[in-house]
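The values are calculated or read from the model by the stated rules, or taken from the named source; none is laboratory data. What you see is a predicted model, and the numbers here were worked out from it, not measured in a lab. Here the Cβ positions follow ideal geometry from the backbone for every residue, glycine too, while neighbour counts run over all protein chains shown. These accessible areas exclude ligands, DNA and RNA; they are computed on the full protein's heavy atoms, side chains included. Shrake-Rupley method; radii C 1.70, N 1.55, O 1.52, S 1.80 Å.
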Amino acid sequence: MSTYNPPLQDASFVLDQLIGLDQMCNDLKLDEVNSELASVIVEEAGKLASEVLAPLNSVGDQNGATVSEGAVTETQGFSDAYQQFVENGWATLTGPEEFGGQALPNVLGTAVNELWHSSNMAFALCPMLSQGAVEALIAHGSDELKAQYLPQLISGEWTGTMNLTEPNAGSDLAAVSAKAVPDGEQFRISGQKIFITWGDHQMTSNIVHLVLARLPDAPAGVKGISLFIVPKYLLDEQGQPAAQNDVSCVSLEHKMGIHGSPTCVMSFGDNEGAIGYLVGEANKGLSYMFTMMNHARQSVGLQGLSISERAYQQAVQYSQERFQGSNRDGSKIAIINHPDVRRMLMAMKAGNEAMRALAYSAAADIDRAHHGDAASRSRVELYTPIVKGWMTELAQELTSLNVQVHGGMGFIEETGAAQHYRDARILPIYEGTTGIQALDLIGRKTLFDNGTALKHLQQEIQASVDTLRNSESESLQQLGRKLETALKQACNAGDWILDNAAQDKELMGNVSFDNLMMMGYLTGGWLLAKSAIQAEQLKQTDNAYGAPFLNAKISTAQFFADHYLPRVGQHSETILTGLRHTFALDIDLL
Amino acid sequence: MKILVTVKRVIDYNVKVRVKSDNTDVDLANVKMALNPFCEIAVEEAVRLKEAGVATEVVVVSIGPKACQEQIRTALALGADRGIQIETDSMPESLNAAKLLAKVIAEEQPELIVMGKQAIDSDNNQTGQMLAALLDMPQGTFASELKLESGKAQVTREVDGGLQTVELNLPAIVTTDLRLNEPRYASLPNIMKAKRKPLAVKTPADLGVELKEHSKLIQVTPPAERQAGIKVASVDELVEKLKNEAKVI
Ligand SMILES: Cc1cc2nc3c(=O)[nH]c(=O)nc-3n(C[C@H](O)[C@H](O)[C@H](O)COP(=O)(O)OP(=O)(O)OC[C@H]3O[C@@H](n4cnc5c(N)ncnc54)[C@H](O)[C@@H]3O)c2cc1C
């Protein structure tokens, strides 16, 4: 199966040059952290990722988790790998110090998470969900709940889950119907949750479920949902897992991908009712979910990068081993030399580097926002649906290209190309579908603030256009012209939406997807163009990257500008039509 | 007991090695570098001895330009206590390295010195032996097992015919073979701690060593490209080719 090489050089370029990690850490007074430490951390994480987790990726695909009598057994090898992951402290990376975390910045956590997801996404979902539970408890849990659950969740001794979805409540969480009935200080939870990732396993001594449910007197709809902690094993006086709670995994879904990640139907309260503890205040559960959403959604967007990177590496490798066609002298041609194969490889590389630039930038803005920077806060809001929506959609195209590079062998499971393609397919679905991201971007993130955050972004892109156009380098000038064209197209479409959405109620829904994708290609192209500016500057100095890498950075930005930036124009044109015919047909004509 | 471990910065074993176009040397510009795998085993062994309560301090030494501090930090992240860098402009040849190390050892007075049996860049397999000669210390090379008992080291050595066990008086020099242990991965808390561990820098002059040119690198050429194989139609043809073309039988 395919090996995985952590892309250390590009990660360090994005962290140090594009984001300016040292400057950021200075500004945020993170004295302990600098780019040198970051590169050591990423490199060491890369060893565990490539040597321990990556070899288990296809094992998980072929031998998924199993369930028997309410208990899930994970793929063989996962538990040992998880122990190693925890013993080496990786689960603690971004956790707060007072609960045993290393308090490292989110952007560094993101760079490291990229590696876990590239090496084994099904596995890495488990710590990813624990991180979600940690966030929820830090933001909204009482001191008592924090003291009881955070240290073990942060160390990784226990894992966490998110129990939101029910058969009738998916995108529309307002429809949640699980029940919570007060019982003294605690609550009795009952109901069924579906599609619960890592809902059960035997890797740890406890699992902490975060569950959305309704109190008996709760108002209907979004304002009547509360958030509870429901541990698999109740804690005894010493805080140790003891009696089994009334919760179990009823069955596992048979899925298209991520077979190594158990997707559970969870049943709460089959007997006396599962004991749960209220997190924060009653009826505020959904708004709490929103406070965690940026991080959770960006994490899924990051998975889009991770899996595409793994697919890309496999494609580069295979295309050098497969020979088709002969030269005049009779020697065979490796397919990597065919222009169309090369196009696919460049499309993957350029797409990945744009995604990395965007994912890390958005993650760094979360750090700045945490430290009170208002501009970063609104940038995070704007970026999040783009990271989640655009990156996971692009991952479909890029993992498909890997299959294509493999030709017939790509369709044959044996090569493993199909696994990345199948695994990637969940990404635009969970944690809010692309449709939901698109609505979020156009509605809450654009129309709601009258385009203020959007205009700031456009201005920043314009500043880069100016820098590029005034550059001495012909390549950068060209890049500047292409980015300028795309920016104008995006501004036209954006202004038009802002001008017309109020009168035309259908408009927003019709064009939301095109708006999302347009913003994705524009931001990706912009960040690569910025990277090219940095690369050009670095070339003039003594630097740690070397001319081949820096020149490649510039050429990759140019390829992106030729191959992907024109899509900004296409989406913009579509938006300007208003897609008037979306509802032209009555349902019986569909 | 104090243990001194030597570590060398070498080209990462995953990197495809390229030769400079003028054939003067291997091209190391912007190439990923790493801790020599045999040295990593040496660090692991020392850290295990510390964890077992046998050793009290693990000191790592590396010789080379400033960048080799990265490898010292890696060793510190694996559990070593402090580092010493001996700053030189380029990587010293084996005898110079042995002379520098001899001086450090005279200062540090460790009871055990653990080294990689060879570095994967130049593959010389001689620094440990030279150092033992310079210090007139017992040596146990190619160790696949190491036991310390009552002031002596028992070293199981991987020799051509099988395994040989020798007993050495301390202080002694042990060089590691691949099977001695399986090095751990650095843990995140230890990576963070490594930053704060002491790292001293010394020069050859501080140690009173004058580096001499004992050998000269004349030329580096890449190995010949492997030719594509051919299919033979019959066993007879195979035998014929082995005899007359390959001339191996
Ligand atoms: C493998 C896997 C793991 C999962 N893990 C978890 C987990 O750990 N915890 C958890 O709680 N959930 C989990 N989920 C559930 C996941 O979050 C939901 O499947 C997802 O939110 C979509 O909900 P749904 O499946 O009900 O689809 P629906 O909501 O039925 O959506 C169907 C289609 O309708 C569209 N749609 C729906 N509403 C709108 C709207 N208002 N406007 C425009 N389009 C709309 C959607 O975009 C989609 O295309 C997981 C799902 C899977 C498959």
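Figures for the structure shown
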{"item": "Subset of segment A:545-576 [within 25 Å of the chain's Cα centre (by Cα) and of a type in the set (Ser, Thr, Tyr)]", "result": "A:THR556, A:TYR564"}
{"item": "Among (1) part of a helix (DSSP H, G or I); (2) over 20 Å from A:TRP390 (Cβ atoms) - the single one A:ALA486 does not satisfy", "result": "(2)"}
{"item": "Residue within segment B:87-100 that is under 29 Å from B:SER187 (Cβ atoms), more than 14 Å from every other protein chain (Cβ to nearest Cβ) and open to solvent by less than 10 Å² (accessible area, probe 1.4 Å) present", "result": "no"}
{"item": "Every residue from segment A:216-263 that is under 22 Å from A:VAL181 (Cα atoms), more than 16 Å from the ligand (Cβ to nearest atom) and of a type in the set (A, V, I, L, M, F, W, C)", "result": "A:ALA218, A:ALA220, A:LEU234, A:LEU235, A:ALA243"}
{"item": "Any hit, segment B:43-66, residues being under 30 Å from B:ALA205 (Cβ atoms), touching a Lys or Arg at 6+ places or on another chain (Cβ under 8 Å) and within 12 Å of chain A (Cβ to nearest Cβ)", "result": "no"}
{"item": "Condition met for A:ILE426 (out of contact with any helix residue (DSSP H, G or I) (no Cβ under 8 Å at 6 or more places or on another chain) and within 15 Å of the ligand (Cβ to nearest atom))", "result": "yes"}
{"item": "Flag for A:PHE187 being touching a residue at least 24 places away in the same chain (Cβ under 8 Å), among the aromatic types (Phe, Trp, Tyr) and away from the ligand (no atom under 12 Å from the Cβ)", "result": "yes"}
{"item": "Scope segment B:190-225; condition loosely packed, with under 10 Cβ neighbours inside 10 Å and over 29 Å from B:GLN126 (Cβ atoms); matching residues", "result": "B:ARG196, B:GLU225"}
{"item": "Single residue of segment A:10-39 satisfying the filter (touching a Lys or Arg at 6+ places or on another chain (Cβ under 8 Å) and open to solvent by 50 Å² or more (accessible area, probe 1.4 Å)) that is modelled with the highest pLDDT", "result": "A:ASP27"}
{"item": "Residues of segment B:5-48 classified as more than 22 Å from B:ILE72 (Cβ to Cβ) and open to solvent by less than 60 Å² (accessible area, probe 1.4 Å), total", "result": "4"}
{"item": "Residue match in segment A:56-77 (condition: under 19 Å from A:ARG356 (Cβ atoms) and in contact (Cβ under 8 Å) with a residue 12 or more places away in the chain)", "result": "no"}
{"item": "Index of the failed condition, A:GLY435 passing every other in (1) within 24 Å of the chain's Cα centre (by Cα); (2) open to solvent by 70 Å² or more (accessible area, probe 1.4 Å)", "result": "(2)"}
{"item": "B:ALA186 under 30 Å from A:LEU93 (Cβ atoms) and more than 16 Å from the chain's Cα centre (by Cα)", "result": "yes"}
{"item": "Residue within segment B:49-57 that is surrounded by fewer than 24 Cβ atoms within 10 Å (Cβ to Cβ) and β-branched (Val, Ile, Thr) present", "result": "yes"}
{"item": "Residue list for segment A:264-279, filter: crowded, with 24+ Cβ neighbours inside 10 Å and within 14 Å of the ligand (Cβ to nearest atom)", "result": "A:CYS264, A:MET266, A:PHE268"}
{"item": "Tally of residues being more than 26 Å from A:LEU8 (Cβ to Cβ), part of a helix (DSSP H, G or I) and open to solvent by 20 Å² or more (accessible area, probe 1.4 Å) across segment A:111-161", "result": "13"}
{"item": "Filter pass, A:VAL67 being aliphatic (A, V, I, L, M), under 23 Å from A:ALA91 (Cα atoms), surrounded by 17 or more Cβ atoms within 10 Å (Cβ to Cβ) and not assigned by TED's automatic domain parsing to the domain that holds A:SER205", "result": "no"}
{"item": "Test: residue in segment A:166-176 that is away from the ligand (no atom under 14 Å from the Cβ) and surrounded by 24 or more Cβ atoms within 10 Å (Cβ to Cβ)", "result": "no"}
{"item": "Filter result for B:VAL15 (touching a Lys or Arg at 6+ places or on another chain (Cβ under 6 Å) and either assigned to a loop (DSSP other than H, G, I, E, B) or small (Gly, Ala, Ser) (or both))", "result": "yes"}
{"item": "Number of the condition not met by A:ASP329 [criteria: (1) modelled with pLDDT of 95 or more; (2) open to solvent by 30 Å² or more (accessible area, probe 1.4 Å)]", "result": "(1)"}
{"item": "For B:VAL155: the one exception among (1) touching a residue at least 24 places away in the same chain (Cβ under 8 Å); (2) crowded, with 20+ Cβ neighbours inside 10 Å", "result": "(1)"}
{"item": "Residue within segment A:152-159 that is under 21 Å from A:ASP270 (Cα atoms) and within 16 Å of the ligand (Cβ to nearest atom) present", "result": "no"}
{"item": "Matching residues, segment A:190-199, being open to solvent by less than 40 Å² (accessible area, probe 1.4 Å) and within 12 Å of the ligand (Cβ to nearest atom)", "result": "A:LYS193, A:ILE194, A:ILE196, A:THR197, A:TRP198, A:GLY199"}
{"item": "Candidates B:ILE120, B:ILE105 - the one that is more than 20 Å from B:VAL59 (Cβ to Cβ) and either touching an Asp or Glu at 6+ places or on another chain (Cβ under 9 Å) or β-branched (Val, Ile, Thr) (or both)", "result": "B:ILE120"}
{"item": "Extreme residue, nearest to the other protein chains (Cβ to nearest Cβ), among residues of segment A:516-562 that are of a type in the set (Asp, Glu) and open to solvent by 50 Å² or more (accessible area, probe 1.4 Å)", "result": "A:ASP542"}
{"item": "Residue satisfying all of: in segment A:502-515; within 16 Å of the ligand (Cβ to nearest atom) and among the acidic types (Asp, Glu); farthest from the other protein chains (Cβ to nearest Cβ) among these", "result": "A:GLU506"}
{"item": "Residue list for segment A:132-151, filter: within 16 Å of the ligand (Cβ to nearest atom) and in contact with a strand residue (DSSP E or B) (Cβ under 8 Å, 6 or more places away or on another chain)", "result": "A:GLY132, A:ALA133, A:VAL134, A:ALA136"}
